[in-house]
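*Asks:* Following this message is one structure expressed as C-alpha cells.
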Amino acid sequence: MHQVWPLPARPIDEDALEELYRYPVEDVDGSRWVAVNFVSSLDGGIEVDGRSAGLSTPADRRVFALGHDLADVVLLGSGTALAEDYPGLRPDARSAERRRRHGLSEAPPLAVVTSGTLPADATSLVDVLVPSIVVTSTAASAEAQEAWRAAGARVLLAGDAAVDLPTALARLAEDGFRRIDCEGGPGLVGTLLHDDLVDEVRLSIAPLAVAGKAGRVASSVEPLEAPRGFEVASLLVDEDGTLLVRYVRAGLRR
Ligand SMILES: NC(=O)c1ccc[n+]([C@@H]2O[C@H](COP(=O)([O-])OP(=O)(O)OC[C@H]3O[C@@H](n4cnc5c(N)ncnc54)[C@H](OP(=O)(O)O)[C@@H]3O)[C@@H](O)[C@H]2O)c1
C-alpha cells in the first residue's frame with residue numbers, strides 16, 4: 001500500500017496507517033470525532049445484493065478494522081444492523097493489543113439508531129461481547145424499550161417525536177464514547193450530515209462497477225439545503241487497485 005497524499009508519496013506501514021486512522025479527540029476541540037466508514041464501487045454503489053461484502057477488498061478490510069479497533073463506540077442505523085446481520089465486535093489478539101496500547105476498553109459497543117422498530121432479537125443486540133446501546137426517542141413504545149433492556153441492551157433516549165442525534169452524540173460523549181466509528185448506513189449518514197455531525201468520511205473505492213439501483217453513501221428525502229464541504233486528508237492506493245480516501249470537514253485541522 002502507498003500513500004499518495006499528503007506528499008511525498010511513499011509506501012505506508014501498519015504504524016503509519018494507525019497514525020492516519022486514529023481519532024484525533026485529543027487534537028481537535030477536545031470533545032468528539034465522528035468518522036463515517038464506507039466502501040463504494042467506482043460508480044458509487046454501496047451494496048451488492050443488499051450487503052457491502054461484495055464490494056470489500058483486503059485494503060478496505062484493513063482500514064475498516066482500524067475504524068473499530070481505535071473507536072470507543074460503533075454507530076449504526078437499524079437498516080444496516082439488520083441488512084448486514086451485524087454482530088458485536090470481538091477483537092482478535094492483534095486488535096486487543098491495539099486497543100490496550102491506545103488505552104481503549106476491551107471492545108467498542110454497538111450503538112444502533114432506531115425509531116422503535118428494531119427487533120429485540122436482532123443479532124446486534126444478542127450476539128455481543130459487551131452490551132449494545134439502542135439509540136431512540138421517547139416515541140419508542142414502552143414495550144420495545146423493555147424488550148431491548150431484557151435482551152441486555154442499554155437504551156439511550158434522545159428526542160421526543162424523532163431521534164435527536166446531536167443530543168444522542170453529546171450523551172455518548174459524556175459517557176466516554178468520544179471516538180465514534182459510524183459504519184452506516186445511508187439513512188443515518190444523511191441525518192448526520194444534515195445535523196452537521198460528520199467530522200470525517202473514510203471512503204474505500206473498490207475497482208468495481210455495479211450499475212443497477214444500489215444505494216449511495218448518504219441519502220435523505222430532501223437534499224441538504226447546501227452541500228457540505230470536505231478536504232482530502234489522505235489518499236492511499238493499494239496494489240489491488242483500491243483507493244482509500246479520508247475527507248475531513250472543511251476547516252478542521254487534521
Ligand atoms: N458499503 C458500505 O460500506 C455500507 C455501509 C453500511 C450500510 N450499507 C448498506 O446500506 C443498506 C442499508 O441502508 P439504510 O439506509 O437502510 O441504512 P441505515 O441508515 O443503517 O438504516 C436506516 C434505518 O435506521 C434507523 N435510523 C437511521 N437514522 C435514524 C434517525 N436519525 N432517527 C431514527 N431512526 C434512524 C431507521 O430505522 P427504524 O425503522 O428502526 O426507525 C431507518 O429506517 C444495506 O444494503 C447495507 O448493506 C453499506
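Computed from the coordinates by the stated procedures, all read-outs in this text should not be read as laboratory data. Since we're looking at a predicted model, the values are computed, not measured. Here the Cβ positions follow ideal geometry from the backbone for every residue, glycine too, while neighbour counts run over all protein chains shown.
*Asks:* Across the range 174-254, how large is the tail of the calculated P(r) beyond 20 Å, expressed as a percent of all Cα pairs?
*Replies:* Values: 1438 of 3240 pairs.
I get 44 percent for the Cα pairs in the range 174-254 exceeding 20 Å.
*Asks:* Taking only the Cα atoms of the range 1-58, how large is their convex hull per residue, in Å³? Working shown, then result.
*Replies:* On the way: hull volume 7.6 nm³, N = 58.
Normalising the Cα hull of the range 1-58 by residue number yields 132 Å³.
*Asks:* Continuing with this model, one more query. Sorted by packing (mean other beta-carbon atoms within 10 Å per residue), highest first, where do 70-83, 216-229, 169-182 land?
*Replies:* Ranking the peptides 70-83, 216-229, 169-182 by packing returns 70-83, 169-182, 216-229.
*Asks:* Taking 20 °C and 1.002 mPa s as the conditions, I'd like the Stokes-Einstein D for the range 88-189 in µm²/s, using the Kirkwood hydrodynamic radius from alpha carbon pairs. Each step should come with its number before you reach the end.
*Replies:* Details: Rh = 14.4 Å.
The estimated diffusion coefficient comes to 149 µm²/s.
*Asks:* In Å³ and rounded to a whole number, note down the convex hull volume per residue for the Cα atoms of the range 71-147. Write out the running numbers ahead of the final one.
*Replies:* Working: hull volume 6.6 nm³, N = 77.
Spread over its residues, the Cα hull of the range 71-147 gives 85 Å³ apiece.
*Asks:* Could you work out the Kirkwood radius for the chain, taking every pair of different alpha carbons, averaging 1/r and inverting it, reported in Å?
*Replies:* Working: mean 1/r = 0.0537 Å⁻¹.
Roughly 18.6 Å, rounded to one decimal.
*Asks:* Could you give the length gained on full extension between Arg171 and Val126, defined as 0.36 nm per residue of separation minus the Cα-Cα distance, in nm?
*Replies:* Values: separation 45, 0.36 × 45 = 16.20 nm, distance 2.31 nm.
Stretched fully, the Arg171-Val126 segment lengthens by 13.9 nm.
*Asks:* Within 10 Å of each residue's Cβ, count the other Cβ atoms and sort His194, His68, His2 from fewest upward.
*Replies:* Numbers: His194 17, His68 20, His2 12.
Neighbour counts put them in this order, fewest first: His2, His194, His68.
*Asks:* What nm distance separates the two modelled labels at Arg90 and Arg61, each placed 7 Å from Cα along Cα→Cβ?
*Replies:* Once both label points are built, they end up 1.7 nm from each other.
*Asks:* For the range 1-146, just run the numbers: alpha carbon Rg, then divide by 2.2 N^0.38 Å, N being how many residues it has.
*Replies:* Working: Rg = 17.1 Å, N = 146, 2.2 N^0.38 = 14.6 Å.
That works out to 1.17 for the range 1-146.
*Asks:* To continue, here is another question. Let me know the Rg and Dmax you get for the range 54-94 when you use only its Cα atoms, in Å.
*Replies:* 11.3, 30
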